[in-house]
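Novice: Right, I'll just put the structure down here and ask away after.
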Amino acid sequence: MPAQLIDGNALSRQLRAEVAERAAALTARGVRPGLAVVLVGDNPASAVYVRNKVKACADSGLHSVLEKYEATLTEAELLARIEALNDDPAIHGILVQLPLPAHIDAHKVIEAISPDKDVDGFHVASAGALMVGQPGFRPCTPYGCMKMLESIGVSPKGKHAVVIGRSNIVGKPMAMLLLAANATVTVCHSATPDLAHHTRQADIVVAAVGKRNVLTADMVKPGAVVIDVGMNRDDAGKLCGDVDFAGVSEVAGWITPVPGGVGPMTITMLLVNTIEAAERAAGI
Ligand code: GUN
């Protein structure tokens, strides 16, 4: 039986409706939730992501400010902008789109964001809070993947989850979130000798590598949940993930499509984090 689809668009619509309600309630109390999105340089993919984030804010009743800078912006200038946004009471969340130009130290910039406004969840304070089980902002993509599991009624508790990829943005926080939800977690990466050996034992596989066909049908346990974080182009230029969707959907129990899977959930969880930041700032 082919796998059931986990529809990120449908789940996003539902969660964004809740965000819109919370945004309206806050606005009625005189606090309009606000997100600042900072884009440096002219990376075309980043420009699309940033546009989508700003549009999502408007659609859910959040205030947003897009600050666009030339690639020649200095690190000191960017840090000064972050400082100003940290002090701006109309801004509850700050997102600096990555990657940054090579002359800017992204780590330094992320650390300059107030942890109270770190809606990307990339600050070491947020990463540390996740690691030790304290409240804090969770990175949007893995947070969205957890919401997708919840939406299909699959609890990670007692399951074997395999995460492919170990980035700070997805792989590592994904592993931490699954661990916090009582899964047994294996993290695989480019130096893992036999990836299929691990994935074949997995009840849940999260593929977050950024390479096509990292996971094929022969590597998947029948009935497993497969979450595809990848965003690639196939030879025809069509958007595709890290998973061989056609093959794997014949074996898996559940699978996320690309597009229409994790992608919309990432932006949705950014809205959720921003609302939460605004509610905390308002003392709710
Ligand atoms: N670049 C790619 N993904 C992301 C993300 O989730 N947040 C930011 N700030 N930059 C990114």
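Bear in mind these aren't lab numbers, they're just calculated from the coordinates by the rules spelled out. The shown structure was predicted, so the numbers you read here are calculated from the model rather than taken from an experiment. Every residue, glycine as well, gets a Cβ built from its backbone with ideal geometry; the counts of neighbours run over all protein chains shown.
Novice: In degrees between 0 and 90, to the nearest 10, how far off the longest principal axis of the chain does helix 140-151 point, with axes built from Cα atoms?
Specialist: Compared with the principal axis, the helix lies near 50 degrees.
Novice: Please compute the length gained on full extension between Asp218 and Lys55, using 0.36 nm multiplied by the number of residues separating them and subtracting their Cα-Cα distance.
Specialist: Values: separation 163, 0.36 × 163 = 58.68 nm, distance 3.98 nm.
Extending this stretch completely gives an extra 54.7 nm.
Novice: Suppose a student asked you for the relative contact order of segment 15-163, using Cα pairs under 8 Å spaced at least 6 residues apart; what percent would you report?
Specialist: Values: 178 pairs, mean separation 29.6, N = 149.
Over segment 15-163, the number comes to 20 percent.
Novice: Right, next: Give me the number: length gained by fully extending Lys157 to Asp87, i.e. 0.36 nm times residue separation minus the C-alpha to C-alpha distance, one decimal in nm. Spell out each step's value before the answer.
Specialist: On the way: separation 70, 0.36 × 70 = 25.20 nm, distance 4.07 nm.
Contour length minus the Cα-Cα distance gives 21.1 nm.
Novice: Taking the 0 to 90 degree range and rounding to the nearest ten, how far is the long axis of helix 44-59 tilted relative to the main principal axis of the chain, both from C-alpha atoms?
Specialist: Once rounded, the angle reads 70 degrees.
Novice: Shifting gears a bit: Sorted from largest down, give the three principal axis spans of the alpha carbons of segment 94-168, whole angstrom values.
Specialist: Ordered largest first, segment 94-168 gives principal extents of 43, 25, 20 Å.
Novice: Set the bar at 32 Å for Cα to Cα. Now go through Lys55/Lys159; Lys68/Lys211; Lys108/Lys221 and name every pair that lies beyond it.
Specialist: Working: Lys55/Lys159 37 Å; Lys68/Lys211 29 Å; Lys108/Lys221 42 Å.
Table pairs above 32 Å Cα-Cα are Lys55/Lys159; Lys108/Lys221.
Novice: Ok, one more. How much length is gained on full extension from His189 to Ser167, taking 0.36 nm per residue of separation minus their Cα-Cα distance?
Specialist: 7.0 nm
Novice: Can you list the aspartates and glutamates whose alpha carbon is less than 18 Å from that of Lys147, not counting same-chain residues fewer than 8 positions off?
Specialist: Hits, sequence-local ones excluded: Asp7, Glu18, Asp120, Asp203, Asp228, Glu276.
Novice: For the chain, just say rounded, prolate or oblate: build the C-alpha gyration tensor, square-root its eigenvalues into a ≥ b ≥ c, call rounded for a/c under 1.5, and beyond that prolate if a/b exceeds b/c, oblate if not.
Specialist: Details: a/c = 1.79, a/b = 1.55, b/c = 1.16.
The shape class here is prolate.
Novice: Of the DSSP beta bridges with both residues in the chain, give the percent that are antiparallel, rounding to the nearest 5. Before the final figure, lay out each step's value.
Specialist: Values: 2 of 31 bridges.
So the antiparallel bridges amount to about 5 percent of the total.
Novice: To continue, here is another question. For segment 10-50, just the Cα atoms, rotate onto the principal axes and tell me the three extents in Å, largest first.
Specialist: Principal extents (largest minus smallest coordinate, Cα): 37, 29, 6 Å.
Novice: For the pair Asn232/Arg200, report the inter-label distance in nm, with labels modelled 7 Å from Cα in the Cβ direction.
Specialist: Label at Asn232, label at Arg200, 2.2 nm between them.
Novice: A follow-up question, please. Counting DSSP beta bridges in segment 167-284, what percent are antiparallel, to the nearest 5? Intermediate results must be reported in sequence, preceding the final value.
Specialist: Working: 2 of 9 bridges.
Of those bridges, close to 20 percent are antiparallel.
Novice: If you don't mind, there's one more thing I want to ask. Enter the angle in degrees (range 0 to 90, nearest 10) between the Cα long axis of helix 171-180 and the first principal axis of the Cα atoms of the chain, meaning the one along which they spread out most.
Specialist: So the helix axis and the longest Cα principal axis differ by about 80 degrees.
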